[in-house]
Amino acid sequence: MSRGFAGRFEHVGQEEVSPLIFERSVPGARAVDLPALDVPAAKIPAGIAAAQPADLPQVGPMELVRHYTLLAARNFSVDANFYPLGSCTMKFNPPVNEAAAALPGFAGLHPRQDDVDVQGALKLLYELRLWLAEIAGLDEVSLQPCAGAHGEYTALKVIRAYFKDPKGGNAPGRTKVLAPDTAHGTNPASCAMCGANVVTVPSKDGRVDLDALRGMVDGETAAMMITNPNTAGLFDDTITQIAKILHDAGALLYLDGANMNAIVGVSRPGDFGVDIMHFNTHKTFSTPHGCGGPGAGPIAVRKFLAPYLPVPQVEKNGAGAPGTSGPAYYLSYDRAKTIGKVRSFFGQFSVLVRCWAYIAACGPVGLRDVAESAVLSANYLAARLRERFEMPYFDPGAKKFCAHEFVTVPKTLLATGVTLIDVAKRLIDHGIHPPTMHWPVHNCLMIEPTETESLQTLDRFVEVMLNIADEAQSNPELVKAAPHLAPVQRLDEVAAARTPVLTHGG
Amino acid sequence: MNYVQLTTEQRQEMLAAIGVGGVKDLYASLPPEYRLGSDLKLEGLPKGLSELELRHALNERAGGNNPAAEGTGAGGGNLCFLGGGAYDHFIPQAVNYLAHQSAFVTAYTPYQAEASQGALQAFFEFQTQVTRLTGLEVSNASLYEGATAVVEGVLMAVNSTGKRKVLVAGSLHPDYLAVLRTYLGDLPVELEVIPAEGGRIAAKEVEKRVASFRGDVAAVVVQSPNVLGLIEDWEAIFAAAKKPVEGHTALAVAVFNPIACGLLKRPGDCGADIAAGDGQPLGIPLSFGGPYLGLFAAKAALMRKMPGRLIGQTVDKSGRRGFCLTLQTREQHIRGAKATSNICTNQGLLAMRATVYLSAMGPAGLREVAEQCYHKAHYAAEKIADVPGYKLAYSGAFFHEFVVDTPVPAQSIIDLGRARGILPGLDAAKLGIGHERQLLVAVTEKRTAGEIDALVELLTDATKKK
């Protein structure tokens, strides 16, 4: 059934229920010991101690290792599986970057050490700050945000501070933020956390509807949040018109950098009218997704927005200039108009180390090739699949290409009664992670292969997709019952939400 | 090396299949004037590095630091007595080994439940552990880090009560307070700080202030052990905070340290409705401040107002137990601007570290870690107080961190320590919790009696220097 593909799960099968760590627990068992206490015990005042220790699992060393090793075997990952997951840029995560982050000179740094003790780390951060500004085509970067959504939030705070400043934008009434109907859900949610009102701009043919936009921009508009290339996988060539409409009205253009993998080194947001943007290091710059995190969401801004960036900022003293004292690199809190702190300490440091290492390995030419190869791979998949998987925006004959990802609305396949969820679960049987579904439009698959997959993998994906399209015709029940080779059959997510069980024994 | 493995021949083959002559043709919709005419100018990086060159460059930058601790390994590093929200605890090798398996490191958010049972089960176990650690009923699968977890706790209280005043203990970590101010700045919510007289806040003062806002208080936020290391009387404070005023009861938000929960009364034991804290002490390396782990738990009644990812137990078609993301209608990708938070991920890999750590330690191990922290910190405090010129800045119970009044500027002690490989503590003035002749000293289970004696000797010698 698996047609020779190495589905990860075939080793595990569906025979057993995976025991919880609590079900492996045996009273008195323990996996780790500590040196004996070598100081006199102090008195613990009555009333401060808990009546009994927290009810954590009790397991021995072998049981501990086996438990988490078996859990790992029940998980897909980029190392083992192809993840053509649109908008998520699931590219290769270089092992050398993991080793870099674990170097004692990085992993052992306390965030409150004096600058003089952390010069190497600050140098790296300073270099990354400059690199990301150049890649963005903008003037200054803050490395603080924890994730893409946190970058959005931070950037919106910066925009808000700019308009509140009498010597800045001087328009405190600008509280409206526009976002296209194809925007990431985080865009409106981040706006709400800044007290901004979000207004949705409709799309036409996969691009922003300019006429609608003109009618919506007014004296209350602070900014528009746009993703370009957009979530339909298209570079919106009306971007400068969008920028002009906003700028003429005194509003700003914000870029959600989710899709930078299509243009890194090829085109710079600052050059096409963007005033402020965030990066997702876990998308464009190969930092691992880690089952959901940690990411990092640095933001880049034009000079007039820099005074509002969060503190601290990593700075460099005049390099070796006479009369300068103190260390070369330092963390500065000196920014009178700053929005303040957006998190404790200084950014997702070990994620930023990985990001630095990736950019350093690629270099300027390599980065451009990343984007071009990602676009090539996506267009190749689209071209090979389009006969069986209808694509609203892709038509090479009409010079309509995709960026680094593409959308298919597979009407013929859906006419069989097989749903996209069925297709997704059937892909799992083939060891392939399903694409993004039902977004940005209903009944679509959004496919993003990234640049790091081999041609053999791309071809295999095509073969599997065509095979599933065949199955949908010849044996739809097989597809509807998928997955067949995962550790569990299809899960009842409705029941999970109706009667939530969020803890063991809870 | 940019990790692209397509050969020149393969690229030609792919272009032919698309029906174009070159990659530039694929950028047809990118107007030529926006195409970068030259290579990016990356400072100090004219071209990409080979792996060997890259490792040298990284080693050079890592070598340009004087690390407080040894990172994820054992041995080496300085003697670290630094705390202030990030602590040098022992990390069992099993944590590095098991949490850092590539199937966890390189996996995506577990939207596809059947392909993500490993991560989902681990996070379900994590949620269970956090509820047991905090004594509350519901935990999410983690947030970014401590300060933003406190923010989410406050926003959840505001959203669920509809009230507009937030009272915060003055003994909260100043960074956390600063982040809270940033987040509340553009929202119609008013924040008031309750001063910490003598290092702690008083239940009576809390009661008075809550009453003065006539039933408009959403939350009362109290950290314990607080930023000075002192144990606040959560029970009395939360009882005072939750006295109904004009028919409304404020929510109690406990800011906690998970290691302290191994010994001290838990937030849920003391009447907290919401608990938020940083999970860094649970097997996460210091890493210059991040990434860390936001821990977040609450009473069951608040379940549907929770921010972040929640993992639920369910069954598959054959009735077998499995796990999936649940209650997603709270979240941004479904609800947009009406979501409970803009948060889109958990800190998966860090939650993995924390859950392996808690399983490795177990109840007895965590208790022992907490007790050793307590005993060693008290041993250090007593010895330091015996050195002429030094005394503890505050009386009252503390956990593993305390402020010392020093006879010389704290910075001079820190500088002297650098030469000896000892990081004696944090300058209270720089941290924003005291003056320049105060040192915040943290002592974890990792420090030995001999190392503590070396700290005491350093402090003694610091008074002899000019």
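Computed from the Kirkwood radius of its Cα pairs, the Stokes-Einstein diffusion coefficient for chain B at 10 °C and 1.306 mPa s stands at 64 µm²/s. Cα-based radius of gyration for the range B:98-356, normalised by 2.2 N^0.38 Å, reads 1.00. Full extension of the chain between A:VAL96 and A:LEU37 yields a length gain of 17.4 nm, computed as 0.36 nm times the residue separation minus the alpha carbon distance. Taking N as the residue count of chain A, its C-alpha radius of gyration divided by 2.2 N^0.38 Å amounts to 1.09. How big, in percent, is the set of alpha carbon pairs in the range B:118-218 lying more than 21 Å apart? Result for the distance tail: 47 percent.
Sorting A:75-87, A:487-499, B:269-281 by average packing, meaning the other beta carbons within 10 Å per residue, from highest down gives B:269-281, A:75-87, A:487-499.
Annotation: extensible slack from A:LYS303 through A:LYS167 equals 47.5 nm (criterion: 0.36 nm per residue apart, minus Cα-Cα distance). Applying the Kirkwood pairwise sum to the alpha-carbon positions of the range A:109-347 produces a hydrodynamic radius of 18.4 angstrom. Residue separation of B:GLU43 and B:GLU192 scaled by 0.36 nm, minus their Cα-Cα distance, works out to 49.1 nm of gained length. At q = 0.07, 0.10 Å⁻¹ the log10 of I(q)/I(0) for the protein assembly as shown amounts to -0.56, -1.18, computed by Debye summation with a single uniform scatterer per C-alpha, solvent ignored. The order of the peptides B:35-41, A:241-247 by mean Cβ neighbours within 10 Å, most packed first, is A:241-247, B:35-41.
Since only A:LEU305, A:LEU234, A:THR499 are under comparison, the one whose Cα sits farthest along the positive direction of the charge dipole of chain A, derived from C-beta charges on Lys, Arg, Asp and Glu, is A:LEU305. With Rh defined as the Kirkwood radius, the inverse of the mean 1/r over Cα pairs, the Rg/Rh of the range A:253-405 is 1.07.
The helix-only estimate of mean residue ellipticity at 222 nm for chain A, built from DSSP H runs of length n ≥ 4 each weighted as -39500 (n - 2.57), is -10000 deg cm²/dmol after division by the residue total. Its Cα centre serving as origin, chain A has a Cβ charge dipole (Lys and Arg +1, Asp and Glu -1) of approximately 920 debye.
Note on B:ALA300 and A:VAL17: the model spin-label points, each 7 Å out from Cα along the C-beta direction, lie 2.1 nm apart. If the viscosity is 1.306 mPa s and the temperature 10 °C, what translational diffusion coefficient in µm²/s does Stokes-Einstein give for the range A:110-189 when Rh comes from Kirkwood over Cα pairs? It comes out at roughly 103 µm²/s.
Taken together, the values in this text are just the output of simple stated rules run on the coordinates, not laboratory data. This structure is a prediction, so every number in the text was calculated from the model and none was measured. Here Cβ is always computed from backbone atoms with ideal geometry, including for glycine, and neighbour counts include all displayed protein chains.
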